[in-house]
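Everything on this sheet refers to the single structure shown next.
Where a number appears in this text, it was derived from the coordinates with a stated rule and is not lab data. In this text the structure is predicted, and so the values were computed from the model without any measurement. Quick reminder, even Gly has a Cβ in these numbers, built from the backbone with ideal geometry, and neighbours come from all protein chains shown.
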Amino acid sequence: MKYYEFVSPFYALIKAQNERKARAIYKKQVWEGGGDQWRERSRDYAIMKFAMAHDSRNTEVRLMLTEFMDDENDVLLSD
């Protein structure tokens, strides 16, 4: 998986197999106009952002890692 961070017009962190799929997910699930500003991020960067956004007191770490590591293209975070 690759990780893509969209910052404009709405924030989203998306995991996808490639840029084309990431853009399609953004348009379908975040904003139909598509993301103007984005960049590919490292796995380490993505997992840190993902973990910081979850309250570990209310979410089991095992469940968070399962969601992050599965092979489905998906939105990990969004505003």
Report task. Pairs of Cα atoms under 8 Å, at least six residues apart: use those to get the relative contact order of the chain, whole percent. Result -> 41 percent
Report task. Quick one: net charge around Thr66, please, counting Lys, Arg +1 and Asp, Glu -1 for every other residue with C-beta under 15 Å from its C-beta. Result -> -4
Query raised in the report: Can you give the charge dipole size of the range 2-78 about its Cα centre, rounded to the nearest 20 debye, using +1 on the beta carbon of Lys and Arg and -1 on the beta carbon of Asp and Glu?
Result: 180 debye
Report summary line: Under 5 Å from the placed amide H of Leu76, counting only residues 5+ away or on other chains, we find Leu13, Ile14, Lys15
Report task. Tell me the GluC sites (Glu not before Pro) within the chain that lie in a loop according to DSSP and have at most 12 other beta-carbon atoms within 10 Å. Result -> Glu32, Glu60, Glu72
Query raised in the report: Rounded to a whole number of µm²/s, how large is the Stokes-Einstein D of the chain at 25 °C and 0.890 mPa s, given Rh as the Kirkwood radius over C-alpha pairs?
Result: 195 µm²/s
Query raised in the report: the range 7-79: which chymotrypsin sites (Phe, Trp or Tyr not before Pro) are DSSP loop and have at most 15 other beta-carbon atoms within 10 angstrom?
Result: Phe10, Tyr11
Query raised in the report: Just in the range 1-71: which trypsin sites (Lys or Arg not before Pro) are loop by DSSP and have at most 16 other Cβ atoms within 10 Å?
Result: Arg57
**Report entry** Potential extension, Asp36-Met52 segment - 0.36 nm per residue separation minus Cα distance
**Finding:** 3.3 nm
**Report entry** Cα lying deepest toward the dipole's positive end in the range 2-78, options Ser78, Trp38, Ala16, charges on Cβ
**Finding:** Trp38
